[in-house]
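Please read the structure below before turning to the comments.
Quick note: the coordinates plus some simple rules give every number you see, no bench work behind them. These figures come from a predicted structure and were not determined experimentally. For neighbour counting, all protein chains shown are included, and Cβ atoms are generated from backbone atoms with ideal geometry for every residue, glycine included.
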Amino acid sequence: MAEEKQYLALYRKYRPQTFEDVRGRDAIVRTLKNQILNGRIGHSYLFCGTRGTGKTTIAKIFARAVNCEDPHDGSPCGVCASCRAIAADASLNVVEMDAASNNSVDDIRAIIDAVSYSPTQGRYRVYIIDEVHMLSTAAFNALLKTLEEPPSYAIFILATTEPNKLPVTILSRCQRYDFGRLSTETIEGRLQEVAESEQLHAEDRALRYIAGAADGSMRDGLSLLDQCIAFNFGNEVLTYEKTLEILGAVDTAVFSRMFGHIHEGQIPEALSILDEILAQGRELVQFVTDLIWYLRNMMLLKASESVRDRLDLSADNLERILNDARSADLAEIMRYIRIFSGLIDSIRYSENRRILTEMAIIRAGRGRMDDGAGDMGVDQLDNLTNRIRELEQRLLADEQKMAQMPKGVSFLGDEAADGREAAAAAPSAGGGAQAGQGGAQKPQRTVLPEAVPDDVRDIVRNWKKYIGQLPPGLTRVSLLGADLSLGDEGQLVIVFNNYVTAEHFIRDERYRNRLETWLARRSGKRVRIEYKSLDKGHKFTDNYVDLRSVIRMEIEEENDPENE
Ligand SMILES: [Zn+2]
């Protein structure tokens, strides 16, 4: 697909071709090179680590190196017949398989049958099996037989993001290499090289931000840089500010500052950060979602610092979160998470996002003042609490009124004033608008097939988990906020209430492909998806069956134990 290529352009274009070009993998590269130089090559390797950390890249260089006619210091020469054939994908000596889409025993058998023929050219047949944890049990057993007695010329390189899902029998047969997250400096250095080659003028701070956002993944770093280049029309300098805008994200330093002020009860300072965020035109729902994610990581670290390896965070981010985590106790952190999680639910469809967010910040920060840090008396606090409660109820009532208005209220408005004016300007809604809900206007609802396919059910149940693992950004936030339904052909229908977001997803086919692949890798199941936009003025449940509640009901009714 041409578009997909375009998206991955930098990542592909600058993929290292020799061991010397690889960044940040010195120990692994040294070991592999020594094996090649000393002729002590193994038969089965296991490369573990998150996406974009160099597993496949190094596997490919290794595959070329072992077959190269004239290796230089263990690296492939790049010009001999074998190197050129492999580079052109014209060699039978290197076989790549993605177990995410080929996980059956037949797929493995096809490979294993080929193993029995020795190579006619070159020395080794190298089999690279990506996402190997997704093989079926039968496929693992078939593979194991070959790993136990491999022909002298066969090399298996198994790559996986989840080694814990591999059978011990396979693990024990392999030399294991762990590809940890790359440091921000390593990624930044590479981005600088690439920017230079591309004659892209970028501020150091911009590249540093992209490197940080990549969170240890070189592939993500280059893909983010790609996005920045695509949006940075003309030959303008890629500034830090523009990068933040394009990537639609907020610096983690901001979360740390926000947390610090809230935790110290410095409410004006915390509110001024909010002003900054809004002045920069950022999405509040996203900001709050990412703040919750930040607090969640703090919470996990607080519960046990040993979870740090499982958090998938770069060293810089980990450091910052650890520091913050040490300054608060677990109960406090949980309290903040509760407050902001509640906020997310209420601001998603609200016109009063700003006020609600300010209230949440005040409430979170006020807890600190309770401890005596503030000079407010108990009476005053009670007063404040009551006033907040009152305000909330009024806002809630406003919202309900607005939700019943068929049209005319912008779903994008961020400012309370807009909502207020709209509410005031609307003809008194009193029941008239409500008629639309039960009357002839009611649009046809998609009919739910008798059974929800198991694959779809699994994805819906684990939606937060799978989507939560996407890198922070607009895509993750939008998908987390979307509603889920089922299409006529059993496809998972993702419905956005914001039509601008929906357009963005629907217009570009890549978003569908990428999400399908992402979900397949997380869940082991390939499900077809479809993006839809909610018609303005309609509620999700007017037009669609809410898959989440259907599945929730099923669980309650049958106490269905099928979920893992
Ligand atoms: Zn060569």
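Which entries of LYS145/LYS525; LYS60/LYS165; LYS60/LYS145; LYS55/LYS145; LYS242/LYS536; LYS165/LYS532 have Cα-Cα distances beyond 28 Å here?
The pairs that break the limit, which is 28 Å between Cα atoms, are LYS242/LYS536; LYS165/LYS532.
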Exercise. Arranged by the count of other C-beta atoms within 10 angstrom, fewest first, what order do MET134, MET553, MET298 take?
Worked result: MET553, MET134, MET298
For this session: Provide the gained length on full extension for the span GLU203 to ARG348, in nm with one decimal, where the gain is 0.36 nm per separating residue minus the Cα-Cα distance.
Result: 48.8 nm
Exercise. Can you put CYS80, CYS174 in order, fewest other beta carbons within 10 Å first?
Worked result: CYS80, CYS174
Exercise. Suppose R0 equals 45 Å; then what is the FRET efficiency for SER272 and GLU305 from their Cβ-Cβ distance, rounded to the nearest 0.05?
Worked result: 0.90
Exercise. At SER152 and ARG30, where each label point lies 7 Å from the Cα along Cα→Cβ, what is the point-to-point distance in nanometres?
Worked result: 3.2 nm
For this session: Please list the non-local residues whose amide H lies under 5 Å from the amide H of ALA159, H modeled 1.01 Å from N, same-chain partners needing a gap of 5 or more.
Result: PHE47, ILE129, ASP130, GLU131, VAL132
For this session: Convert each backbone phi in region 93-110 into a coupling constant with the Karplus relation 6.51 cos²θ - 1.76 cosθ + 1.60 (shift: θ = phi - 60°), then list the ³J(HN,Hα) values in order as whole Hz, x for Gly and Pro.
Result: 7, 10, 10, 10, 9, 9, 5, 5, 10, 10, 10, 7, 5, 5, 4, 5, 4, 4
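Mind sorting ASP535, ASP345 by how few other Cβ atoms lie within 10 Å of their own Cβ, fewest first?
On the way: ASP535 13, ASP345 9.
So the ranking, lowest neighbour count to highest, is ASP345, ASP535.
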For this session: Multiply the residue gap between VAL237 and LYS165 by 0.36 nm, knock off their C-alpha separation, and tell me the result in nm, one decimal place.
Result: 21.4 nm
